[in-house]
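A short reminder: the numbers here are calculations on the coordinates, not readings from a lab. This is a predicted model, so every value here is computed, not measured. We place every Cβ from the backbone using ideal geometry, glycine too, and count neighbours over all the protein chains shown.
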Amino acid sequence: MRDLVQEFAVDIIASRPTKSRTPREDAERLVTADILRAKEIGDRPFYVDHFCDWRGRAYGVQRLNYQRQDHVRSLFRFERGKPLCADQVEIIADRDRFLRGEDWYGGAVVGSPLHWLEIHVANSYGEVDKMPMRDRLKWVDGQRDTIKKIARDPFGTKELWIGAEKKFAFVAACCELTAAMEDPRHFETCLPIGFDGACNGIQHLALLCRDEETARRVSLVDDNDVIHDIYGEVASLVRAQINVDDDEWAEYWRNEFKKFKDREIRKLFKQPVMTLPYGVTEEGAVQQIVEDYFELLNKYNRRCPVVLDAKGRPIGGRYGYLAKKIMAVAADLMPKPMQVMEFIEKLSAHFALQNLSLEWISPTGFPATNRYYAPDVKEVALFHGGERIRRHDVARGYLPTVMIDEATRSAAPNFIHSMDAAHLVRVVNAAAEEDIETACVHDSFSCLAPDADRFNKIIRSQLAMLYVRQDHLRALRDYSAVRHSSINLSLSALRKLKLANFAKAHPLPAYGSHDPITVQDAKYCWA
């Protein structure tokens, strides 16, 4: 994989849209540094150190870490592999029963390690990763010759894997599956296979307020083999509005959508919806749309059409039009999660107006403070020959003044990040107790194929336990109220009165009836 990355990664990365004027030079520097480090490590075991940010999220310290892009992640293998212990005859028979719709392996979606390896191949390719497991297995069955060709000659079969969503991960998966199929009884796998959350930020928002409708839209409810796709749902609703809109940009997007496949159009909508719980602004959504749109144009060797006004002058606004539509439809589709975000923002604003910060303790005991102080900036001038040649604004600390807008706008995203981080900690600890090694990227979890069936259940059960009989919004409100209370805590009657008044001034958002314990059975919330 290292040699394959060295051969092809620069061209692939340089072909994507970028803010840089020298995308190829940047790609060459990036890949060269990554390959150099990979060669230094070689085949020896190594660890990836992590640090926690102030919300509890874990990030890799080293340059070469598992949270990097596809070309880096494809290089990773667990030091200690595990045997598949699979009987090929039984696997084929079980797959046939599954494809006919019969239960097997106790009714589990996928039970054999080799099956999970096949699912990973399909997920890495990307074309069928949102389909039921049965369809993913069928897709792999239909691609066996292609998978073998790629595994035996990845350098000479670029045209077969270049269309994959995760190109290098797909090649690595093809190599692993082919080797496993040739000797399933004795093969020992070391390849990390991943499970991604179905719009994880919105999953947390739905669970915080027990919203059954949103929970269903982000696969937190077992709906047999029906997979709900909130990105596709938003895309369909926005396109329906555009089809009847008489705005000048509606006609533009109607014509553009005819030139792309549904899955490609869905990609334009994915990032703005995914980052909605993390406080994406309209400007941020515009940038996301621009990057994905230009990537599509590059894919088909097209240039962005220039739109002229009546006097022949170029006009803009196409991306802002689409961003507004996406954010409005997403908000209308999820009223309760939006109320949760508004509730947290109001709490933060209440304290910020008093020059205080919203505080909380995460479910894993991690203390967090939504602290946004104004920077103390000093102007530093550089002189040469008695003349000022450059000026820099240098932050030398911060002023004891809370920035109200920043603290308000960031509170809900930071609280969701904190819940996300708590889930990761619980998953990793629970997996470690069962000798399951993991590699994580926030809401994406990877393990070895022999551990996949159990690990997938751990991910779901830990998410369920994070919310069962827990009212995190009430705890958030009450904790900060107590932390910033000026009343002596020994005066319990007065303290309770003040808390009651604070709670009355900041009522909880509307809750639904979704039971978090059912997340344990929602097999597609991480798939």
Dipole check, the range 422-479, charges on Cβ (K,R +1; D,E -1), about Cα centroid: among A430, Y467, L448 the Cα furthest to the positive pole belongs to Y467
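How big is D for the range 212-333, in µm² s⁻¹ as a whole number, if Stokes-Einstein is applied with the Kirkwood radius of its Cα pairs at 20 °C and 1.002 mPa s? All intermediate terms of the calculation are to be shown ahead of the outcome.
Details: Rh = 15.5 Å.
It comes out at roughly 139 µm²/s.
Counting helices only, and only those DSSP H runs with n ≥ 4, report the 222 nm mean residue ellipticity of the chain as the sum of -39,500 (n - 2.57) divided by its residues, in deg cm²/dmol to the nearest 500.
On the way: 21 runs with 276 residues, N = 527.
My calculation for the chain gives -16500 deg cm²/dmol from helical runs alone.
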Cα extents of the chain per principal axis, largest first, Å, are 72, 64, 58
Toy charge model, Lys and Arg Cβ at +1, Asp and Glu Cβ at -1: the range 1-63 dipole around Cα centroid in debye, rounded to 20, equals 300 debye
Distance in nm between Q241 and R152 label points, each 7 Å along Cα→Cβ, equals 5.3 nm
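In Å, the Kirkwood hydrodynamic radius of the range 338-521 over pairs of distinct alpha carbons?
Answer for the range 338-521: a Kirkwood hydrodynamic radius of 19.7 Å.
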Length gained, D196-E182, 0.36 nm per residue minus C-alpha separation, equals 2.2 nm
Counting every C-alpha pair in the range 123-164, the percent lying more than 11 Å apart is 66 percent
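What whole-number value in cubic angstrom gives the convex hull volume per residue for the C-alpha atoms of the range 191-257? Could you put the intermediate results ahead of the total?
Details: hull volume 10.7 nm³, N = 67.
It is 160 Å³ per residue.
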Length-normalised contact order of the chain, Cα under 8 Å, at least 6 apart, in percent, tallies to 19 percent
Rounded to the angstrom and largest first, Cα extents along the principal axes for the range 1-63 equal 34, 32, 14
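How long are the three semi-axes of the equivalent ellipsoid for the range 264-373, computed from the Cα gyration tensor as the root of 5 times each eigenvalue, in whole Å, largest first?
Details: eigenvalues 276, 55, 37 Å².
In descending order the semi-axes read 37, 17, 14 Å.
E264 to N224: FRET efficiency via 1/(1 + (r/R0)^6), r the Cβ-Cβ distance, R0 22 Å, to the nearest 0.05? Mind showing how you got there, number by number?
Values: r = 28 Å, r/R0 = 1.27.
Calculated transfer efficiency: 0.20.
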Rounded to one decimal in nm, the spacing of the 7 Å Cα→Cβ label points at E434 and A349 is 4.5 nm
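Given the range 323-374, what whole percent of its Cα pairs are spread farther than 14 Å? Each step should come with its number before you reach the end.
Numbers: 872 of 1326 pairs.
Percentage above 14 Å: 66.
Can you tell me the length gained on complete extension of the stretch A395 to Y47, counting 0.36 nm per residue apart and subtracting the Cα distance? Don't skip to the answer; put the middle values down first.
Values: separation 348, 0.36 × 348 = 125.28 nm, distance 3.43 nm.
So the chain would gain 121.8 nm between A395 and Y47.
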Across the alpha-carbon set of the range 135-222, Rg over Rh with Rh taken as the Kirkwood radius works out to 1.15
Once phi for every residue in the range 290-296 is put through the Karplus expression 6.51 cos²θ - 1.76 cosθ + 1.60 (θ = phi - 60°), the whole-Hz ³J(HN,Hα) values, with Gly and Pro written as x, are 4, 5, 6, 5, 5, 5, 5
Full extension between E28 and A503 adds, at 0.36 nm per residue less the Cα distance, a length in nm of 165.4 nm
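Taking loop as defined by DSSP and a crowding limit of 15 other beta carbons within 10 Å, which trypsin sites (Lys or Arg not before Pro) in the range 142-204 fit? It would help to have the intermediate numbers written out before the result.
On the way: sites: R144, K148, K149, R152, K158, K166, K167, R185; in loops: K166, R185.
For trypsin sites (Lys or Arg not before Pro) across the range 142-204 that sit outside H, G, I, E and B with at most 15 neighbouring Cβ atoms in 10 Å, the list reads R185.
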In this structure, among K259/K523; K149/K457; K261/K523; K299/K325; K258/K346; K325/K504, pairs with alpha-carbon gaps over 31 Å are K259/K523; K149/K457; K258/K346; K325/K504
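Tell me the Kirkwood radius of the range 362-449: reciprocal of the mean inverse pair distance over distinct alpha-carbon atoms, in Å.
On the way: mean 1/r = 0.0584 Å⁻¹.
17.1 Å is the Kirkwood radius here.
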